[in-house]
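The values are calculated or read from the model by the stated rules, or taken from the named source; none is laboratory data. Since the model is a prediction, treat every value here as computed from it, not as a measurement. Please note: Cβ atoms are built from the backbone with ideal geometry, for glycine as well, and neighbour counts cover all protein chains shown.
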Amino acid sequence: MEKQRMSRESFIQLRDFIYEKCGIYLQENKTYFLEDRLQRRLEAINLSGYDEYIYFVRYDPKGADELRELFNSVTTNETSFFRDSGQLEAFRTGILPGVLEKKRGPDRVDRTIRVWSAGCSTGEEPYTLAMIMAEAGLPLNGWKVDILASDISEQVLGSAKRAVYGQYALRNTGENHLKRYFVNGGGGYGVRPEIRDMVRFANINLSDSAQMKFIRGMDVIFCRNVLIYFDDNAKRKVVGHFYDSLAEGGFLVVGFSESLFNLTRAFRPVDVNRCVIYQKVQANTVGGGVCVKMSL
Ligand SMILES: C[S@@+](CC[C@H](N)C(=O)[O-])C[C@H]1O[C@@H](n2cnc3c(N)ncnc32)[C@H](O)[C@@H]1O
């Protein structure tokens, strides 16, 4: 099929529709990006242009299925095991011991550590977190681990559940981890079952308030390299959802180059091992944004 050009009007309609549905905001110069990503969809459902496509995804009875394909097409899924090791070190040496300590007291009956990888792409991030927790001796000694891994793209969730990876995904993985947590089969490196069993996957749209309200009591949320695709309003909405999903004093880890600066005062920046991590502030003490060192 000949490549279809997208008019400015179609681009704006599609851009606004994508933003409304999932918070991803495409800049003015992203027409070629959308053309590239959606040409395959026009061919797959046999449509001759983008106006028809917009109508189809909005109003056709099969539009809901196509919306899933649209999400698959417009998301950027770059990731790797052990990405941004400084933040993972902060999790291992600061956040995780802090959460364990908080839950360890004699009057505490909750012995489940709840971690959420929100926007987990093909699974490298949640499996990395599971490996770090396994190294810390979890889920032994009466503690349970619940790692929720979610994404809006069904396609990446499929790969995540298969849990078989090539060299590129493992470019930041040391020999020790490779030996300990992977099985090198014919088709690539498979994540060992004891790590896979620590992670459950779900399709969750972070912009969808109805879906988000079911997630509560998280100790730590990793949402790295996801909010960069949103504008400030959409970020605020998602960060507000995270606030409600976190337990009291819970932590939010955003990407290394991302920040909540000027977005919210409901989280305070905390310096953990020279990484800025955000901690949920109790509702009645929401105040300034001074970065404090974490005291454990
Ligand atoms: C660049 S990847 C980041 C993966 C991983 N967190 C990391 O840092 O390596 C961004 C992921 O966010 C997902 N995403 C984008 N918008 C989303 C939304 N509204 N709800 C849920 N996931 C979303 C994309 O599908 C993609 O897999």
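Residues in region 241-269 that are touching a residue at least 24 places away in the same chain (Cβ under 8 Å), more than 14 Å from the ligand (Cβ to nearest atom), closer than 22 Å to ARG114 by Cα and not hydrophobic (A, V, I, L, M, F, W, C): TYR243, ASP244, GLU248, GLY249, GLY250, ARG268. Would a scan of region 88-106 turn up a residue that is polar (S, T, N, Q) and within 24 Å of ILE152 (Cα to Cα)? Checked against the condition, which is being polar (S, T, N, Q) and within 24 Å of ILE152 (Cα to Cα), region 88-106 yields no hits at all. The sole residue among TYR19, TYR59 that is among the hydroxyl-bearing types (Ser, Thr, Tyr), in contact with a helix residue (DSSP H, G or I) (Cβ under 9 Å, 6 or more places away or on another chain) and outside the structural domain of ALA160 (by TED's automatic domain parsing) is TYR19.
Comparison of VAL272, VAL281 shows that the only residue that is more than 13 Å from the ligand (Cβ to nearest atom), within 24 Å of GLU124 (Cα to Cα), over 15 Å from the mean Cα position of the chain (by Cα) and assigned by TED's automatic domain parsing to the domain that holds PRO126 is VAL272.
Scanning region 215-227 for residues that are more than 8 Å from the ligand (Cβ to nearest atom) and either touching a Lys or Arg at 6+ places or on another chain (Cβ under 6 Å) or not charged (D, E, K, R) (or both) turns up ILE215, GLY217, MET218, ASP219, VAL220, ILE221, LEU227. Counting only helices (runs of 4 or more DSSP H) that fall entirely inside region 150-196 and contain at least 3 residues that are crowded, with 16+ Cβ neighbours inside 10 Å, the qualifying elements are 154-162.
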